[in-house]
Amino acid sequence: MRAPSPTPLLQARAITVRFGGLEAVGNLDMAIGRNAIHGLIGPNGAGKTTVLNVLTGFVRPTEGELVFDGAEIGGIGVNGFARRGLARTFQNIRLFGAMTVLESVLVGAHQRFSANALSLVFGRRAARDAEAAMIARAYELLAFVGLGAEVADRVATTLSYGHQRRVEIARALISSPKLLLLDEPLAGMNAVEKAEIADLVRQVRAQGIAVLLIEHDMQVVRRLCDHLTVLEYGRKLADGPPEEVLADPAVQAAYLGRAR
Amino acid sequence: MDYLGQLLANGLVLGAIYALAAVAFTLVYGVVRLVNFAFGELFMLGAFLTASLMLPEVRLLGTIVPMPGFSLPVAAMGAITLTAALGVLVDRIAYRPLRNAPRLAPLITSIAVSVVLQSLAQTIWGAEELRFPEFYLATLPPVVLFDSIYLSVMDLVVMATALAAMLGLSAFIARSSLGRAMRASAEDQMAATLVGIPVNRVVAAAFAIGSGFAALAGLLYAQTYGFAHSSMGFLPGLKALTAAVLGGIGSIPGAALGGLILGLVEALGSGYLPNGTAWKDAISFVLLVGLLYLRPQGLLGKPELNSAGRGSLLGGASEFGAAWLRTSFAKVDGALARAAAGGPRAALALLALAILVGALVPSDYWLRILTMVVIYGMLASGLNVIVGFAGLLDLGFVAFWAVGSYLTSILFVLVLKDQFGVAPADIWWLLYLNLPLAGLLAAGFAVLLGTPTLRLRGDYLAIMTLGFGEIVRVVAINWMDLTNGPMGIRGIPAPNLFGIALGSPRAQFFFALALAVLVVFAIARLVRSYVGRAWVAIREDEEAAEAMGVPTARYKLYAYAASGFVGGFVGVFYAHSQQYISPLNFSLFENILLLMLVVLGGLGTFVGPFVGALIWIVFLQLALDLPFVQAYPETRFALLGVVLIVLMVFRPQGLAASARVALTMPGARPGARRVKEVA
Ligand SMILES: Nc1ncnc2c1ncn2[C@@H]1O[C@H](COP(=O)(O)OP(=O)(O)OP(=O)(O)O)[C@@H](O)[C@H]1O
Ligand SMILES: [Mg+2]
């Protein structure tokens, strides 16, 4: 008897997204394994961000279904996706203006708080302890993503671009997600920073969190990911281990002259 | 049948006027996505200017000024041209600098512009009505249709004029290049800029035409009712906005349709409903609220207009302004930041100062004024929860305040004293029960009103809450059995504690101060926790907040509830401190005033509402010593409006912005822990 193959963490089945007449994603099947670093690549406008939006509830697919961690998900609002364990960052950084780094990260921990209004107003012990625990966790995560404690009280949007990206990752991680979805986290970074973030992604996976990574840099993708899905015009062009996929002539053709 | 026919005819005349004014809202909204609340005032100015130009002489600023005494058509053309120019000027000064600002900014400025224009009109033309001169057509005998429906010649002129103006505008939009450019930028501003349409010119044209239409509607309205008055634009302005929303804001045929429907519904409602004329204003607002709930895009509109851009007034500091302005703000910032860093010590110092002032101020007169400062500061704090922290513009907040005031007044006076003959002094403790009870009732009410607004954003949210506030006011005026109607409720007992009357101004001040401590403490505890972080996250980027697992709908309702609770809670004390309340206390103007106090002091801060209330109420009194203000007291409100516009353009965060509040629980930081353990 063969051991049953472990079910994937997330399965997207026959996903189609249409915006008016435009088909941004067409009949896409995709499975993200538990503990995988799964790369999603493709030329500009291929539909990568749209896929990520579908997987996090931002965009309701025109057709198709999602199974996450053994259960179908849908119709639970964007916050429901986050509560189930899907945390994301944004291609264009979306930190909350006027909030400090610490506060921004704590917003990500929202679902970990449960004190009611009265215990907050009366400053009950339990409420205070929960807050202290999450603050301590936020400091840990800031260190984990490579930010010193001294940035904690700076307004997040005043940090450098690279640091803002790290804050976004910390904000996503503090909810202890099962799957972290990163939309081009390396964009606009130099080689050193890219290596640091790549390393960070590996450490995230080492903690048992699967990662979906959208990335254009093929060097990084080749070294970092254990599985790749390639999109072109919203359709799946190839799917499999990086070596195999990147050697595929169709994939190379898709990237020729269009790769960054 | 005759009755119905007459009502329909009246409705058509009214509808034609609403339709004209609705075009103003729709045209500007289509091009710049701005609900220009000031159109109500441009409507009023159209009426005043026409009347003035028709008269041989007018009293302006108290002096008799000779006037040309034109006939109605000439005077109307003059008034329309002047108002159109004013509309363009207003856009240039107050709205254009805010084109890329968060939506809240131009919305607040447009409210401020309304206040400025209305106060100026009152200053110039006086507080009394100006009789509208009779045009010779109006002296002709009425036309009789079907033997029984009477229409004056002027009614026919009104309808014909409205029809001609609408057709002219449609032709202009369809045929002329400017009109086509207008439609193009209504479809997509970005694209319009890209293909080289000078957007600013198009916007100016929209404001000119819109203001002209508002003026035309205003002068026809004044002509029909025979007078002009500085506050005459308010209700018709709201109705026209309702009509625009009804038809689908941004759509011109929609505005015409909406205006007609509204005119007819109002005429039929006031003719057939029991006591209909009294309730006719409520009819429009119920229609508005119901429509926004069921079909926010209106009858002919597009759904995407119900959207709001990301970001808030507090997200990024404005970089406008002269160097001296920025340096002086920087000084204020420095002082406030130092004070805020003082944390609880600074708060206690402030409280000690307030106690000292309360104990030492000798005059009852000033104690009463300071009590008002504290009351308005508390109310503004309640409004600040929803506007400042959660970023939702609520123009119906006064309703919660009214709920609290009426609850306690009805119980004490109308029920216990009048029905059961219970002396208020015997049940003094009921006041202390009413405080939280009214808070809860108002909070429940707030959730009830908040729920249908959850799907709305930005401008539509403001309009819907405004509709709710007006409904509550109309109910308070007309539900005689419950509220005593416009006469209000007299003889509300002063606060009393264990038989000790707390009626003296000093006692009242300290009572208010004690409540203020409770209010600020409770709000601060909520804000400095995950709840406050969720609110601010919603304010800054609702979608990103959702993606972080914040159920934004629920937290908006929490914000409504918290703000409603404060409104009801303070309302109870307000009633007992004033000892008399009437629906006039809870007008939209009060809501706007509270909003301005919050903006003045600083949205999203704890001291801001009190700073705003202190500056405004003390100024209101001190300015009375100036001879100019004695002669024209309304100029103070004009000044408030101007200050707000300046603030919005140069300093949208308000004066006390750098008293920015921390959103983490005090004492939960690892640093603070350690200090405590050492100590
Ligand atoms: N909300 C939307 N409405 C209409 N069209 C959209 C929307 N979002 C995306 N699209 C379109 O769908 C297509 C796919 O866009 P998407 O952002 O998913 O591409 P992408 O692969 O992430 O590209 P990039 O590498 O530039 O980030 C594009 O043609 C885009 O214009
Ligand atoms: Mg993308």
Problem set entry | Tabulated pairs, the range A:40-55, first among the β-branched types (Val, Ile, Thr), second in a helix (DSSP H, G or I) and more than 8 Å from ligand 1 (Cβ to nearest atom), C-beta under 8 angstrom, 6+ apart or interchain | A:Ile41/A:Met218; A:Ile41/A:Val221
Exercise. Does the range B:273-291 hold any residues that are under 20 Å from B:Tyr3 (Cβ atoms) and either at pLDDT 85 or above or of a type in the set (Gly, Ala, Ser) (or both), and which are they?
Worked result: B:Gly276, B:Ala278
For this session: Go through B:Val447, B:Val475 for me and flag whichever is under 28 Å from B:Leu383 (Cβ atoms), touching a Gly at 6+ places or on another chain (Cβ under 8 Å) and assigned by TED's automatic domain parsing to the domain that holds B:Glu590.
Result: B:Val447
For this session: With the condition kept exactly as written, say whether any residue in the range B:292-305 is open to solvent by 60 Å² or more (accessible area, probe 1.4 Å), at pLDDT 70 or above, in a helix (DSSP H, G or I) and farther than 20 Å from B:Leu466 by Cβ.
Result: no
Exercise. Among the residues of the range A:57-68, is there at least one that is within 16 Å of ligand 2 (Cβ to nearest atom), at pLDDT below 95 and not aliphatic (A, V, I, L, M)?
Worked result: yes
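Per-residue answers, yes or no, for (1) open to solvent by less than 40 Å² (accessible area, probe 1.4 Å); (2) in contact with a Phe, Trp or Tyr (Cβ under 7 Å, 6 or more places away or on another chain):
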{"residue": "B:Ala354", "(1), (2)": "yes, no"}
{"residue": "B:Asp364", "(1), (2)": "no, no"}
{"residue": "B:Ile369", "(1), (2)": "yes, no"}
{"residue": "B:Leu379", "(1), (2)": "yes, yes"}
{"residue": "B:Ile386", "(1), (2)": "yes, yes"}
{"residue": "B:Phe400", "(1), (2)": "yes, yes"}
{"residue": "B:Leu435", "(1), (2)": "yes, yes"}
{"residue": "B:Val447", "(1), (2)": "no, yes"}
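Let's see how each residue does on (1) among the β-branched types (Val, Ile, Thr); (2) out of contact with any Pro (no Cβ under 8 Å at 6 or more places or on another chain); (3) modelled with pLDDT under 85; (4) over 21 Å from B:Trp616 (Cβ atoms):
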site: B:Ser312; (1), (2), (3), (4): no, no, yes, yes
site: B:Arg338; (1), (2), (3), (4): no, yes, yes, yes
site: B:Ala354; (1), (2), (3), (4): no, yes, no, no
site: B:Val357; (1), (2), (3), (4): yes, yes, no, no
site: B:Pro362; (1), (2), (3), (4): no, yes, no, yes
site: B:Leu367; (1), (2), (3), (4): no, no, no, no
site: B:Ser381; (1), (2), (3), (4): no, no, no, no
site: B:Val387; (1), (2), (3), (4): yes, yes, no, no
For this session: Go through the residues of the range B:170-178 one by one and say whether even a single one is touching a residue at least 24 places away in the same chain (Cβ under 8 Å), open to solvent by 10 Å² or more (accessible area, probe 1.4 Å) and hydroxyl-bearing (Ser, Thr, Tyr).
Result: yes
For this session: Could you pull out every one of the strands (runs of 3 or more DSSP E) wholly within the range A:3-122 that has 1 or more residues that are within 13 Å of ligand 1 (Cβ to nearest atom), of a type in the set (D, E, K, R) and open to solvent by 50 Å² or more (accessible area, probe 1.4 Å)?
Result: A:10-19, A:22-32
Exercise. Which residue pairs have Cβ atoms closer than 7 Å, lie 6 or more positions apart in sequence or on different chains, and pair a first residue in the range A:167-178 that is away from chain B (no Cβ under 11 Å) with a second residue that is hydroxyl-bearing (Ser, Thr, Tyr)?
Worked result: A:Val167/A:Ser104; A:Ile169/A:Thr89
For this session: Could you please let me know if B:Gly15 is part of a helix (DSSP H, G or I), under 30 Å from B:Ile592 (Cα atoms) and at pLDDT 90 or above?
Result: yes
For this session: Scan the range B:545-568 residue by residue and report those that are buried (at least 24 other Cβ atoms within 10 Å of the Cβ) and free of Cβ contacts under 8 Å to residues at least 60 places away in the same chain.
Result: B:Ala545, B:Ala547, B:Met548, B:Gly549, B:Val550
Problem set entry | Residue check, A:Asp153 in contact with a Leu (Cβ under 7 Å, 6 or more places away or on another chain) and within 14 Å of chain B (Cβ to nearest Cβ) | yes
For this session: State which residue pairs qualify: first residue hydrophobic (A, V, I, L, M, F, W, C) and inside the range B:127-139, second residue open to solvent by 50 Å² or more (accessible area, probe 1.4 Å) and outside any loop (DSSP other than H, G, I, E, B) in any location, beta carbons under 7 Å apart, and separation of 6 or more residues or different chains.
Result: B:Leu130/B:Phe227; B:Phe132/B:Phe227
For this session: Pull up the range A:73-95, narrow it to residues that are within 16 Å of ligand 2 (Cβ to nearest atom) and over 15 Å from A:Ala210 (Cα atoms), then point me to the one that is farthest from the other protein chains (Cβ to nearest Cβ).
Result: A:Gln91
Exercise. Taking the range A:175-201 on its own, how many of its residues are under 13 Å from A:Thr89 (Cβ atoms) and either of a type in the set (Phe, Trp, Tyr) or away from ligand 1 (no atom under 16 Å from the Cβ) (or both)?
Worked result: 7
For this session: Enumerate the pairs (first residue in the range B:338-354 and of a type in the set (S, T, N, Q); second residue anywhere and modelled with pLDDT of 85 or more) with beta-carbon separation below 8 Å, excluding pairs fewer than 6 apart on the same chain, so at least 6 apart or on different chains.
Result: none
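The values are calculated or read from the model by the stated rules, or taken from the named source; none is laboratory data. The model shown is predicted, which means the values in this text are computed figures rather than measured ones. We place every Cβ from the backbone using ideal geometry, glycine too, and count neighbours over all the protein chains shown. Just the protein is used for accessible areas: all its heavy atoms, side chains included, with ligands, DNA and RNA removed. Shrake-Rupley method; radii C 1.70, N 1.55, O 1.52, S 1.80 Å.
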